[in-house]
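**Q** Once you've had a glance at the structure underneath, I'll fire off some questions.
Just so you know, all these numbers are worked out from the coordinates, no wet-lab data involved. What you see is a predicted model, and the numbers here were worked out from it, not measured in a lab. Here the Cβ is made from the backbone with ideal geometry for all residues, glycine too, and neighbour counts use every protein chain on show.
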Amino acid sequence: MSFPHVRNRRLRSSQALRNLVRETSVSVNDLIYPIFVTHGTNIKEEIPSMPGVYHYSLDLLESELAEVAALGIQAILLFGVPETKDAKGSSAYDPNGIVQKASRKIKELQPNLLIVADTCLCQFTDHGHCGVVHYDEHKGCADVVNDASLELLVKTAVSQAEAGADIIAPSNMMDGFVYAIRQGLDEAGFENVPIMSYSVKFASSFYGPFRDAAHSTPQFGDRKTYQMDPANIREAIREAESDVVEGADMLMVKPALAYLDVIRAVKENFDLPLVAYNVSAEYSMVKAAAERGWIDEKTVVLETMIGFKRAGADLIITYFAKDIARWLKD
Ligand code: PBG
């Protein structure tokens, strides 16, 4: 009788032993929870393609924030749906814009909860693009102008910091946005406000449900002249590198599930804290399958989070954050 020389199963023989040799874990400190705020009053409206995720008007935020804080979640990612939109997205940098008002309110209600402000123009522009649009005679089509957009993004970031945002998270993918925003924040006296850059953001179909939620679908064209081609990983490193050089404090890869190799590559190349964004369609797909009884939501979600951490993510932005925090307590 010959016996196997190596028995990998030995270390799997009991839950205690498995716990002892586990290599990766998820903690509530890893989680950032996105919240959508909207103008108006008495609104708590479920986003149809994202069951369990709501638009809140400011008067109804209190219990939601209390729940997030009680679960031990440290940070929320704030998105605003404004009352008015125009070509230059001026409600994004209005001191009384929805995100600014919400930030002040959140700081009153939960001063210790970190506000991460998504810094972009697409929810605030009538054309739905992330910057200023001009008609390019040469190409015969509209395009998003880089440097003119930067000015508006800087104004947006500064007004978010003035309203109480703790972390600025620019998601617009213009060239030079980290440097421009860093300068703007420093000049305004916010040299200690960190930038969590959406460094590597792909032009992805996985943002579909979010665009329903944020009313930010581009009215013409797509985002492919500024967001990245999903096929490219060397370019992902160049994007991350420029953000590091420009002064980013944290890097992000978005989406997460189909981009675990990108998370790993960025982790291996740079030492900044790395954030994975588990985006809207990644959430909706799990919800839809779970509703049909095809998968077990809790175990699928926890396995997915472990996957992000194992790939190299330090932090995870996820619409499941409250559920995960609850499950981790059980
Ligand atoms: C704004 C922004 C988007 C998301 C986060 N910030 C949409 C987009 O780029 O079209 C998507 C988040 C998600 O799908 O959960 N630019």
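**Q** From Lys101, Lys88, Lys107, grab the single residue that is surrounded by fewer than 21 Cβ atoms within 10 Å (Cβ to Cβ) and more than 21 Å from the chain's Cα centre (by Cα).
**A** Criteria check complete, one pass: Lys88.
**Q** Let me ask something additional. Could you check Asp212 against (1) charged (D, E, K, R); (2) under 17 Å from the mean Cα position of the chain (by Cα); (3) in a loop (DSSP other than H, G, I, E, B) and say which number it fails?
**A** Answer for Asp212: the failing condition is (3).
**Q** Yes or no: region 114-128 includes at least one residue that is more than 14 Å from the ligand (Cβ to nearest atom) and buried (at least 18 other Cβ atoms within 10 Å of the Cβ).
**A** yes
One line per residue, one yes/no per condition, for (1) surrounded by 19 or more Cβ atoms within 10 Å (Cβ to Cβ); (2) free of Cβ contacts under 8 Å to residues at least 24 places away in the same chain:
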residue: Asp261; (1), (2): no, no
residue: Phe270; (1), (2): no, no
residue: Val275; (1), (2): yes, no
residue: Met285; (1), (2): no, yes
residue: Ala289; (1), (2): no, yes
residue: Ile295; (1), (2): no, yes
residue: Leu302; (1), (2): no, no
residue: Gly307; (1), (2): no, no
residue: Ile316; (1), (2): yes, no
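**Q** Still on this structure, I have one more. For region 170-181: of the residues being surrounded by fewer than 20 Cβ atoms within 10 Å (Cβ to Cβ) and more than 16 Å from the ligand (Cβ to nearest atom), which is farthest from Ile115 (Cα to Cα)?
**A** Gly176
**Q** Those residues that are of a type in the set (Ser, Thr, Tyr) and over 18 Å from Tyr56 (Cβ atoms), I need them from region 97-135; list them, please.
**A** Scanning region 97-135 gives Thr119, Thr125, Tyr135.
**Q** Next question, about the same structure. Which of the residues spanning region 64-80 are within 16 Å of the ligand (Cβ to nearest atom) and not aromatic (Phe, Trp, Tyr)?
**A** Correct list: Ala75, Ile76, Leu77, Leu78, Gly80.
**Q** Another question, then. Somewhere in region 132-147, is a residue within 14 Å of the ligand (Cβ to nearest atom), assigned to a loop (DSSP other than H, G, I, E, B) and farther than 24 Å from Ala236 by Cα?
**A** For region 132-147, residues within 14 Å of the ligand (Cβ to nearest atom), assigned to a loop (DSSP other than H, G, I, E, B) and farther than 24 Å from Ala236 by Cα: absent.
**Q** Need pairs with beta-carbon distance below 6 Å; first residue in contact (Cβ under 8 Å) with a residue 60 or more places away in the chain and among the hydrophobic types (A, V, I, L, M, F, W, C) and within region 210-230, second within 11 Å of the ligand (Cβ to nearest atom) and part of a loop (DSSP other than H, G, I, E, B); sequence gap 6+ or separate chains.
**A** Ala214/Gln123
**Q** Any residue that is surrounded by 17 or more Cβ atoms within 10 Å (Cβ to Cβ), more than 10 Å from the ligand (Cβ to nearest atom), over 30 Å from Leu113 (Cβ atoms) and without any contact (Cβ under 8 Å) to a residue 40 or more places away in the chain - is there at least one of those in region 182-201?
**A** no
**Q** Filter region 20-58 for residues that are away from the ligand (no atom under 16 Å from the Cβ) and part of a loop (DSSP other than H, G, I, E, B) and give the result.
**A** Within region 20-58, Val21, Arg22, Glu23, Thr24, Ser25, Val26, Ser27, His39, Gly40, Thr41, Asn42, Ile43 qualify.
**Q** Find the helices (runs of 4 or more DSSP H) located wholly in region 222-330 whose residues include 3 or more that are small (Gly, Ala, Ser) and within 16 Å of the ligand (Cβ to nearest atom), and list them.
**A** 280-291
**Q** Let me ask you something else. Would it be correct to say that Gly40 is touching an Asp or Glu at 6+ places or on another chain (Cβ under 9 Å) and surrounded by fewer than 18 Cβ atoms within 10 Å (Cβ to Cβ)?
**A** Taking the combined requirement at face value, the residue satisfies it.
**Q** Right, something else. Considering (1) in contact with a strand residue (DSSP E or B) (Cβ under 8 Å, 6 or more places away or on another chain); (2) over 23 Å from Arg104 (Cβ atoms); (3) in contact (Cβ under 8 Å) with a residue 24 or more places away in the chain, say which one Phe79 fails and leave the rest.
**A** It fails just one condition, (2).
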